[in-house]
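Nothing in this text is a laboratory measurement; each read-out follows from the coordinates by a stated rule. Bear in mind that the values here come from a model prediction, so they are computed numbers and not experimental data. FYI the Cβ positions are ideal-geometry reconstructions off the backbone, even for glycines, and counts take in every protein chain you see.
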Amino acid sequence: MARPEISIVIPMFNEEDVLPLLVERLRPVADGLDTAYEVVAVDDGSRDATPVLLQRYHREWPQLRVVRLRANAGHQAAISAGLASAVGDYVVTLDADLQDPPEVIGEMLAKARAGADVVYGVRSDRSTDSTFKRVTAQGFYRVVRAMSDADVHSDAGDFRLMSRATVDAVNGLPEHNRVLRFVVPALGFPSDTVEYRREVRAAGETKYPLSKMLRLSADSITGTSVGPLRAAIWLGLLGAVVAVGVVAYALIARAQGHVVTGWTSTVAVVAAMGALQLLCLGILGEYLGRMWEMLQARPSYFIAYDSQREEPRPGSAGEGELP
Ligand code: UDP
Ligand code: MG
């Protein structure tokens, strides 16, 4: 097989429902690119029939490469594993659930060949997302963009095409729990955009429960900026000013002889200060936790099997029966 010009990286976690639809729609698009390609399916430790199906498709579709992680490492880590495994001159990442239309890849590739290092897929409208997702995502992007020096597009997700230079740069970053949609713009490489309509998930359910979304948000903020740490200092200063006023008031009230009436303000101040301190401690904790993870320097994922490198061993990678 010729060395691929483009690698199509797809993270998937328990995607047995959507996988047949994905293959059916992606294969003609990929063949139609008229260039050597590979599809890197990163099975993020799925516990359903995903690995079995992937093995089956791999047999009849030589360009489909299967990289299986030993355990569920999460969406971003799965993409990272795919980026590290991909060998193409260009690498595009997209979701397995067909929310990112594969038909757009051709246009992305053309723009990259014309010189852009990164081509972001930008959602032209988000009407297929739930109102909750839309509102929270918009508010969240506004906050992170305000904190970031980089030019982060508010409607860009993880559907993007990167040049080899960009992929090598990302692979070389030691950062843990990186959120690629903020890390890639921060590189500042020449970029372009392609608009697309985000479709609804073709089958199955979201693999992003609220807990994972909150984790992603915290990683996005602490990975992008130390702004919240600085904000904590300003909050602390504000608290100090308020405290000085309250102390002055308490002293005057005492001098005037009605001490007992100070109860309400005391309780209010204690509560407010306690809340403020906890908030600032929490912010510190987020950054400390991040440093701790980096000091541990544990790998973000473990590859169990790569169809390009070895034959599947019996019992691994879902040969035979369903797991
Ligand atoms: N995904 C993954 N590991 C996870 C969670 C999700 O590889 O732990 C994949 C999932 O299979 C899909 C993509 O990440 O291809 C985006 O997930 P999903 O579509 O469920 O998220 P949503 O679109 O609902 O935000
Ligand atoms: Mg999705």
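Got a sec? How would Val52, Val91 order by Cβ neighbour count within 10 Å, fewest to most?
Working: Val52 19, Val91 27.
Ranked by crowding around the Cβ, least crowded first: Val52, Val91.
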* Structure fact -> Any residue on another chain or 5+ positions along whose placed amide H is under 5 Å from the amide H of Ala304 is listed here as Arg68, Leu69, Arg70
* Asked: Fewest first, what order do Val179, Val269 take by the number of other Cβ atoms within 10 Å?
  -> Val269, Val179
* Treating the angle as unsigned and between 0 and 90°, give the value, to the nearest 10°, between the Cα long axis of helix 50-60 and the longest Cα principal axis of the chain. => 30 degrees
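If you take the square roots of the eigenvalues of the alpha-carbon gyration tensor of region 59-122 and sort them as a ≥ b ≥ c, do you get rounded (a/c under 1.5), prolate (a/b over b/c) or oblate? Intermediate results must be reported in sequence, preceding the final value.
Details: a/c = 1.69, a/b = 1.55, b/c = 1.09.
Prolate, because a/c is 1.5 or more and a/b exceeds b/c.
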* Asked: How much length, in nm to one decimal, is gained on full extension between Met294 and Asp129, taken as 0.36 nm per residue of separation minus their Cα-Cα distance?
  -> 56.0 nm
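Helix-only mean residue ellipticity at 222 nm, the chain, DSSP H runs n ≥ 4 weighted -39,500 (n - 2.57), per residue, nearest 500. What is it? Present the calculation step by step, with values, prior to reporting the outcome.
Values: 10 runs with 156 residues, N = 323.
After summing the helix terms and dividing by the residues of the chain, the value is -16000 deg cm²/dmol.
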* Can you list the lysines whose alpha carbon sits under 18 Å from that of Lys133, skipping same-chain ones fewer than 8 residues off? -> Lys207, Lys212
* May I ask you to compute the full-extension gain from Asp306 to Ala203, defined as 0.36 nm times their residue separation minus their alpha-carbon distance, rounded to one decimal in nm? => 34.5 nm
* Asked: Most mobile of Val143, Val242, Val104 per a Gaussian network model of the chain (Cα springs, under 10 Å)?
  -> Val242
* Structure fact -> Two pseudo-spin positions, 7 Å from Cα along C-beta at Leu210 and at Ile252, lie apart in nanometres by 4.5 nm
* Amide H within-cut-off set for Leu64, under 5 Å, with H built and near neighbours excluded -> Val39
* Using only C-alpha atoms and all pairs of different ones, pull out the Kirkwood radius for the chain in Å with one decimal. => 22.1 Å
* Asked: Hey, quick one: spin label on Phe140, modelled 7 Å out along Cα-Cβ, who in region 195-232 has an amide N within reach, i.e. under 11 Å?
  -> 208-221
* Asked: For helix 210-224, what angle does its Cα long axis make with the longest principal axis of the chain, in degrees from 0 to 90 and rounded to 10?
  -> 80 degrees
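Ranking Lys133, Lys111 by Cβ neighbours within 10 Å, fewest first, what do you get?
Lys133, Lys111
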